[in-house]
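Visitor: Could you have a look at this structure, given as structure tokens, before my questions?
The values are calculated or read from the model by the stated rules, or taken from the named source; none is laboratory data. Everything numeric here is computed off the predicted structure, so don't read it as measured data. Every residue, glycine among them, receives a Cβ derived from its backbone with ideal geometry; neighbour counts consider all protein chains shown. The protein model used for the area step is the full one, side chains on, heavy atoms only, and it has no ligands, DNA or RNA in it. Shrake-Rupley method; radii C 1.70, N 1.55, O 1.52, S 1.80 Å.
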Amino acid sequence: MKKKLTVFASLLLIFTLVLAGCSSSSSKKEEKKSSDSDSNTLTVSVEETYKPYVESIKAQFEKDNDAKIKIVTKPMFDQLEAIPLDGPAGKAPDVTMAAYDRVGGLAQQGHLAEVTELAAADFSDKEKNLVTSEKKQFGVPFVIETLVMYYNKDLIAKAPTTFTELEKLATDTKFDFASEDGKNTAFLAKWTDFYYSYGLLAGNGGYVFGEDGTDVKDIGLNNDGAVAGVEYAKEWYKKWPKGMLDNKSAGDFVTKEFTEGKTAVVIDGPWQAATYKKADIDYGVAAIAKLPGDKAYSPFAGGKAWVATSYAKNADLAQKWLAYAGNADNAFTFYEDTNEIPANETARAKAAATDDALTNAVIDQFKSATPTPTIPEMSEVWTGVENLMFDAVSDKKEAQASADDAVKVIETNISEKYDSK
């Protein structure tokens, strides 16, 4: 009896080991299958409004690369803010869109993968600079964006080409502001906001950082040209209603005056076109008029790029997506879907051929636009210049003093936050 029990126990042990071996083998197969699946799946994060676009182009990519695209919808800036924490935790997307002025900071912190080659035929140095950090490229330029000039066709026959024309227009009494004597709203621009006023300063010779936006020791926002731009703005603020001084509400004031037919010309972004269209304004759009002295208004050049995070499970697949999504055909498809102007020059030429006024205004203005610096120190500029224009045009400070004080704040903040690193 004892012998039988021993034999039975031995058989049971063998059976258990066989089952364990099968289970282990099966588990390893499942793990391998899961691993293979993960490596061939690319997670693409985009805004909800861009999801249909990704869905429309992903099939060909999946076929060409034997891959699967997984779309995640999340607001772009929320996604960019989350990458530093989500990446190490394995939750970051493989690729996403990024505003150009966020590329440098994320790249220097190690969160973005370098793009080793951008097609020379598709991108000029200007577009490449928008995704360049420390002489390396960290994305594929996708969309360009800059301020333009809108005009009301019911009030003026054609777009002014010079600020001299705008000055003359501001003497027309039909644009006098009813509730404030001596004030006129023929032309308006939200210049207390640095994003809007920078083109005025840069057009006169000012700049943020030297060496194409990379030398933080060389800040040109208080040089002679920048101060000349501030002085010129002061002349306009003498003509404008006091509501233009309130930076929080000035933008709404400009929109209200233009949509109510009380303003002939405004400077604003391409995103504003939808508001004017909804208000049933017969508007035209063009590149911004030349500044006195035949100087080109030089606003920031912005927009979005496709970037790959450094946490992508399949880095090669992520790089292939950047090249695919940013190529001429897909960039033009995106333009057709969203009316956002392609950074890809081949696609942009095709967009220009549609003869859409807004498209061509952005393209024309982009020629004189200044690429927004992509280095992390740019964040200190936005906070440092908040009061530069307001202090000067409200006569709180002289133009030079206001510019000097703003630069001092920028230099101090950069020194405290970056020089110690």
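Visitor: Going by what's in this entry, would residue 73 be described as closer than 20 Å to residue 315 by Cβ and open to solvent by 40 Å² or more (accessible area, probe 1.4 Å)?
Guide: Here the answer is no, as residue 73 does not meet what is asked.
Visitor: When residues of the stretch 107-128 are filtered for being in contact with a Ser or Thr (Cβ under 9 Å, 6 or more places away or on another chain) and over 18 Å from residue 327 (Cα atoms), how many remain?
Guide: So the count comes out to 6.
Visitor: I'd like the residue in the stretch 309-345 that is among the aliphatic types (A, V, I, L, M) and not in a helix (DSSP H, G or I) and, out of all such residues, is farthest from residue 115 (Cα to Cα).
Guide: Just the residues of the stretch 309-345 that are among the aliphatic types (A, V, I, L, M), to begin with: 312, 315, 317-318, 322-323, 325, 328, 331, 341, 343.
Checking which are not in a helix (DSSP H, G or I) leaves us with 312, 341, 343.
Details: 312: 13, 341: 22, 343: 16 Å.
Looking at the filtered set, the residue picked out is 341.
Visitor: In this structure, does residue 412 turn out to be in a helix (DSSP H, G or I) and either open to solvent by less than 40 Å² (accessible area, probe 1.4 Å) or more than 30 Å from residue 122 (Cβ to Cβ) (or both)?
Guide: yes
Visitor: Continuing with this model, one more query. As an exercise: evaluate residue 237 against (1) open to solvent by 10 Å² or more (accessible area, probe 1.4 Å); (2) modelled with pLDDT of 95 or more; (3) not in a helix (DSSP H, G or I) and give the number of the one condition it does not meet.
Guide: Looking at each condition in turn, residue 237 falls short on (3).
Visitor: Output the number of residues of the stretch 163-203 satisfying the condition of being part of a loop (DSSP other than H, G, I, E, B) and under 24 Å from the mean Cα position of the chain (by Cα).
Guide: Matching residues across the stretch 163-203 total 5.
Visitor: Sticking with this structure for a sec: Give the residues of the stretch 223-236 that are of a type outside the set (A, V, I, L, M, F, W, C) and within 29 Å of residue 131 (Cβ to Cβ), sorted by residue number.
Guide: 223, 225, 229
Visitor: Give me the pairs: first residue in the stretch 39-59 and over 18 Å from residue 83 (Cα atoms), second residue of a type in the set (Gly, Ala, Ser), beta-carbon distance under 6 Å, and six or more apart or on different chains, which are they?
Guide: Note: pairs meeting the criteria are 40/67.
Visitor: Six or more apart or on different chains, Cβ under 7 Å: which pairs go from a residue in the stretch 327-343 that's free of Cβ contacts under 8 Å to residues at least 40 places away in the same chain to one that's surrounded by fewer than 19 Cβ atoms within 10 Å (Cβ to Cβ) and of a type outside the set (Asp, Glu)? Could you list them?
Guide: What qualifies is 332/350.
Visitor: Residue pairs, Cβ under 9 Å, 6 or more apart or interchain, first in the stretch 135-160 and among the basic types (Lys, Arg) and open to solvent by 50 Å² or more (accessible area, probe 1.4 Å), second assigned to a loop (DSSP other than H, G, I, E, B) and at pLDDT 95 or above. List them.
Guide: Between residues of the stretch 135-160 that are among the basic types (Lys, Arg) and open to solvent by 50 Å² or more (accessible area, probe 1.4 Å) and residues that are assigned to a loop (DSSP other than H, G, I, E, B) and at pLDDT 95 or above, the close pairs are 136/114; 153/281; 153/282.
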